[in-house]
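The next block holds one structure in the form of structure tokens; read it before the comments.
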Amino acid sequence: MSMFQYGIKRSTALALCAAVLATTGSVAACAAQKAAEVSFTVTASVEVPNTRLRLLLQAVAQANGDEHVLPVLATRLNQRMNSALRLIEGTAGVKAQTRGLHSSPVYDNGKQVGWRLVGQIEAVGEAKTFPDLTGKLQAAGLSVESVQAEPAEGALSTAREQQTEAAIRDLKKRAQLVSRALGCSAWSFAEVNLSDQDSRPPVGVMRMTAAKAEPAALAPGASRVAVRATAKMLCEP
């Protein structure tokens, strides 16, 4: 899909040229006029299916008491984290990486009453493997804090290359159209800028607690890969 817009910043070169020719018939005087500058933008885009998911998983261990409960909580948290890592690493096409552990005091009416330990794991892999896996992870005591969908790396780079080429082709077509409409004797690009305008929609289920162990309903959808091309064109009178 391609979109375009353009605007003309002219020093009235063409109008002046026409006036000079009408009054003096001098082609040399007309040629002395400066070229008009025309700016316009095109956007080429395509939808690329999301085939991979990136999940942020969280395990929590919490108990009342002073700092003496921390070793017990650490053991409990490590058991949950290790259980989750075994489930993930045992699933073909999915990789796991721990994202950190941290502890924080728990307060009630301004008074510390206990401790809370939190550990996070990032799992990345093929989307089709996650519905069953998330159910098992929830049963193991983890929650899904966030889900990000993305295309396969090869598909994303290929789509971006194709849309870059499409945007440049559209720039040339637009320049030719503008040149004919303005009656340019010749035209050239003075400047061309390219920028990526990708967007990824949020996945339907953004957070799932550990309360249920049914397979999660995940809809990866598609990512929009877009390339925006902006040009400044010189139109010779």
Margin query: Any residue at all in region 50-57 that's of a type in the set (A, V, I, L, M, F, W, C), closer than 30 Å to GLU161 by Cα and in contact with a Pro (Cβ under 7 Å, 6 or more places away or on another chain)?
Written below: yes
Note to self: What pairs come out if I take residues in region 68-90 that are among the β-branched types (Val, Ile, Thr) and pair them with residues that are not in a helix (DSSP H, G or I) whose C-beta lies under 7 Å away, six or more apart or interchain?
What the structure shows: VAL69/ALA63; VAL69/GLY114; VAL69/TRP115; VAL72/ALA63; ILE88/VAL94; ILE88/ALA96; ILE88/ALA123
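Here is a check on your reading of the model: is PRO215 crowded, with 18+ Cβ neighbours inside 10 Å and at pLDDT below 90?
For PRO215, the condition - crowded, with 18+ Cβ neighbours inside 10 Å and at pLDDT below 90 - is not met.
Look at LEU182 and say whether it is modelled with pLDDT under 90, within 24 Å of SER39 (Cα to Cα) and surrounded by 14 or more Cβ atoms within 10 Å (Cβ to Cβ).
Against the criterion (modelled with pLDDT under 90, within 24 Å of SER39 (Cα to Cα) and surrounded by 14 or more Cβ atoms within 10 Å (Cβ to Cβ)), LEU182 qualifies.
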Next item on the list: Pairs only if they're at least six apart or on different chains, beta carbon under 8 angstrom, first in region 111-133 and of a type in the set (Lys, Arg), second surrounded by 20 or more Cβ atoms within 10 Å (Cβ to Cβ); list them, first residue then second.
Entry: ARG116/ALA61
Check: For region 154-178, how many residues are under 19 Å from ASN50 (Cβ atoms) and crowded, with 21+ Cβ neighbours inside 10 Å?
Finding: 2
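The values are calculated or read from the model by the stated rules, or taken from the named source; none is laboratory data. Treat the numbers as computed from the prediction; the structure is a model and nothing was measured. All Cβ positions, even for glycine, are placed from backbone atoms using ideal geometry, and neighbour counts span all protein chains on display.
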